Amino acid sequence: MSTKTLRKRIALVAISALGAGLLSVVAVPSANADAHGAAGEANMGAFANVLSVATMASVTGSVVASTTTANARSVGLLYKDTSTGTAQSATMLSTGSLALYTGSPTTAFSVVASGGKFGGVVTELANPATVSGDLKKVYATSQTTGTSLSWTPGAVGSYTISFYTGATTYASPDAGTLSGVLNVTVVATSAGSVYSAADSLCNLGVTSTSAAATDVTGASLRKNGDSAFIAIALEDAYGVALDAGATVATATNGAYVNIVASGTTTKGTGSTAVSASAPTNLNVVVSQPTANKPVSTTVTITYNGTTVCTKAITIAGETASIVLSSVGTQDIAATFVGPKFKVRNLDSAGNLVTPTATAQFAAVAASLSTTVVTTASVTGVATSVSSSAAESYSSGNFECGGVAGTTNVVLAFQNPSGSVVTSAPTAMRCAGDPYTYKASWDKASYVQGEIATLTVSFLDSKGNAANQTTTGNTATVTAPMMTYVGTIAPDATAEATGVIKHTFTVGTASGLTEGSYVALVNYPTLVDDVKQSIITAPYKVGTGTTGVSNADVLKAIVSLIASINKQIAALQKALLKR
């Protein structure tokens with residue numbers, strides 16, 4: 001325990017014996033360069049026009065108001081902050097009294113309390129202080145020596161003590177300059193030496209350092225062989241560090257824990273650890289019980305039987321499997337252009353593992369081809385164990401021979417322990433650059449409001465689906481009665497299957513006219529400078545309504561007129577026969 005903390009503890013023990021009840025006083029830093037002492041420490045020096053609180057505890061049970069700063073004593077003071085201005089804070093028992101003092105006020109001054117009582121005013125007799133009848137106001141002219149007075153709250157509640165300097169009078173004690181404020185809260189019992197969650201820290205870090213305000217991002221996911229660290233700094237409700245007690249850490253699933261001082265990384269040898277040290281600047285080291293094996297654990301930390309915090313931690317094991325994904329199509333007879341695939345390393349529990357070097361990966365020679373995929377390798381390793389991070393993937397590439405086609409490649413990975421794992425055979429495709437292209441819709445006809453997809457397929461000079469190493473270049477797509485979704489990306493790269501997809505909504509801002517239409521698709525330039533005619537892709541659109549159309553109505557009217565004409569002709573014929 002530090003000397004500062006020890007002095008605080010001595011003061012708290014002495015004050016606690018004097019009675020029940022608690023007083024809090026709050027104050028803001030002033031321009032004075034000297035910081036106010038904490039409860040239990042030596043009194044701050046007396047500075048002119050600065051209101052201070054005697055932080056030294058009385059040993060007789062009586063408050064001592066004295067112009068000799070070293071002699072002033074408060075009763076029941078539990079806490080005092082280090083500021084000296086208009087927002088100071090302190091805590092004391094309601095049965096106690098504060099000794100307040102200031103050094104040689106250069107002007108007239110007053111001290112006004114919203115409640116409680118002042119008493120024990122000590123000044124030079126030539127310039128005595130005047131105390132109001134209700135003992136809530138004190139007024140005095142300038143002094144050549146310091147002034148000290150006591151204040152007693154008397155009851156649980158909230159109070160304010162204001163210190164004014166300058167043009168004050170007894171009739172208007174608050175007419176001067178506000179130089180100090182104490183906001184006082186009185187409660188029934190002391191919270192000293194009792195763990196306060198609101199004032200304590202217990203958080204995860206990536207190294208063994210002092211406790212931070214919150215868990216460090218990613219600190220709950222650790223790499224194989226790394227430890228996790230839970231830093232603790234426990235205090236009571238007054239921000240005073242707690243004394244030594246029984247700090248206990250327990251871990252589930254067999255994880256090892258150890259309680260050490262900040263900066264220490266020694267691993268434990270069991271799932272429970274106990275420390276009798278003061279719970280300040282301590283770290284709980286969490287580690288794997290078995291080397292290279294994953295563990296997920298919940299660590300619970302208690303102090304003298306009270307739960308301080310629980311933390312869920314996962315430490316990955318060594319790689320047990322590798323999974324390839326996002327495999328692209330490479331150019332034939334060309335050097336690497338990529339990357340062309342991704343790799344994730346997983347331990348036996350499915351946790352992400354970060355490799356240390358690309359040299360740990362290698363293609364299994366027997367799975368390669370002499371004419372299609374001739375080599376494959378990892379060119380960049382993953383650095384994150386967060387599944388949402390792009391850095392959780394390693395990147396790889398492969399090289400093709402002079403023949404288009406597909407090779408099922410197997411990738412191997414060697415752990416630092418020497419064990420080797422292999423991937424499932426993964427299809428890697430080789431093809432030439434885009435030479436021609438064609439376009440088609442996903443449906444022959446659409447209804448207003450539907451989503452339509454136009455797929456443009458690129459082929460190499462031999463009719464294979466083209467590779468991804470070149471772009472399709474900026475397209476021009478005209479599709480009447482449709483609205484393009486987004487913007488056509490310049491130099492959009494084809495998918496692994498050699499296609500680029502364009503998405504539309506059926507209909508326009510001005511409406512839709514039913515009928516048959518033709519989309520015009522133009523990729524004006526391909527990598528081989530092959531010019532191709534604009535591609536057409538026919539389709540139909542409709543409103544989706546099932547009512548009678550205008551054409552149907554017109555047809556019915558024409559039919560009705562013809563029928564009426566026929567009946568008139570028959571009637572005329574009958575009349576003529578008569």
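The values are calculated or read from the model by the stated rules, or taken from the named source; none is laboratory data. All figures in this text were calculated on a predicted structure; none of them were measured in a lab. In this analysis, Cβ positions are derived from the backbone assuming ideal geometry, glycine residues included, and neighbour counts consider all displayed protein chains.
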Quiz prompt | Residue in the stretch 365-377 that is in a loop (DSSP other than H, G, I, E, B) and either closer than 17 Å to N224 by Cβ or of a type in the set (K, R) (or both) present | solution = no
Exercise. Could you grab me the full set of residues in the stretch 65-85 that are farther than 9 Å from S97 by Cβ, in contact with a Ser or Thr (Cβ under 6 Å, 6 or more places away or on another chain) and not in a loop (DSSP other than H, G, I, E, B)?
Key: R73, L78, Y79, K80
Quiz item: If we scan the stretch 323-345, do we find a residue that is touching a strand residue (DSSP E or B) at 6+ places or on another chain (Cβ under 8 Å), closer than 21 Å to S220 by Cβ and modelled with pLDDT of 95 or more?
Solution: yes
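Please tell me if T314 is assigned to a strand (DSSP E or B), under 33 Å from the mean Cα position of the chain (by Cα) and surrounded by 16 or more Cβ atoms within 10 Å (Cβ to Cβ).
yes
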Quiz item: Can T407 be described as of a type in the set (S, T, N, Q), closer than 15 Å to V378 by Cβ and not assigned by TED's automatic domain parsing to the domain that holds G515?
Solution: no
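Listed residues A212, A219; which is touching a Gly at 6+ places or on another chain (Cβ under 8 Å), part of a loop (DSSP other than H, G, I, E, B), free of Cβ contacts under 8 Å to residues at least 40 places away in the same chain and closer than 30 Å to T319 by Cβ?
Details: A212 fails: closer than 30 Å to T319 by Cβ.
Residue meeting the stated conditions: A219.
Just wondering, is there one or more residues in the stretch 136-150 that are out of contact with any Cys (no Cβ under 7 Å at 6 or more places or on another chain), of a type outside the set (V, I, T), without any contact (Cβ under 8 Å) to a residue 24 or more places away in the chain and surrounded by fewer than 24 Cβ atoms within 10 Å (Cβ to Cβ)?
Looking only at the stretch 136-150, we keep the residues that are out of contact with any Cys (no Cβ under 7 Å at 6 or more places or on another chain), and these are 136-150.
Still in the running and of a type outside the set (V, I, T): 136-137, 139-140, 142-143, 146, 148-150.
Then keep just the ones that are without any contact (Cβ under 8 Å) to a residue 24 or more places away in the chain; that gives none.
No, every residue in the stretch 136-150 fails to be out of contact with any Cys (no Cβ under 7 Å at 6 or more places or on another chain), of a type outside the set (V, I, T), without any contact (Cβ under 8 Å) to a residue 24 or more places away in the chain and surrounded by fewer than 24 Cβ atoms within 10 Å (Cβ to Cβ).
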Quiz item: Just wondering, is there one or more residues in the stretch 438-452 that are in contact with a Phe, Trp or Tyr (Cβ under 9 Å, 6 or more places away or on another chain) and more than 30 Å from A475 (Cβ to Cβ)?
Solution: no
Self-check item: Given (1) surrounded by fewer than 21 Cβ atoms within 10 Å (Cβ to Cβ); (2) more than 28 Å from the chain's Cα centre (by Cα); (3) at negative phi, index of the condition G268 fails
Solution: (1)
Quiz item: Can you name the number of the only condition in (1) within 42 Å of the chain's Cα centre (by Cα); (2) not assigned by TED's automatic domain parsing to the domain that holds V216 that L201 fails?
Solution: (2)
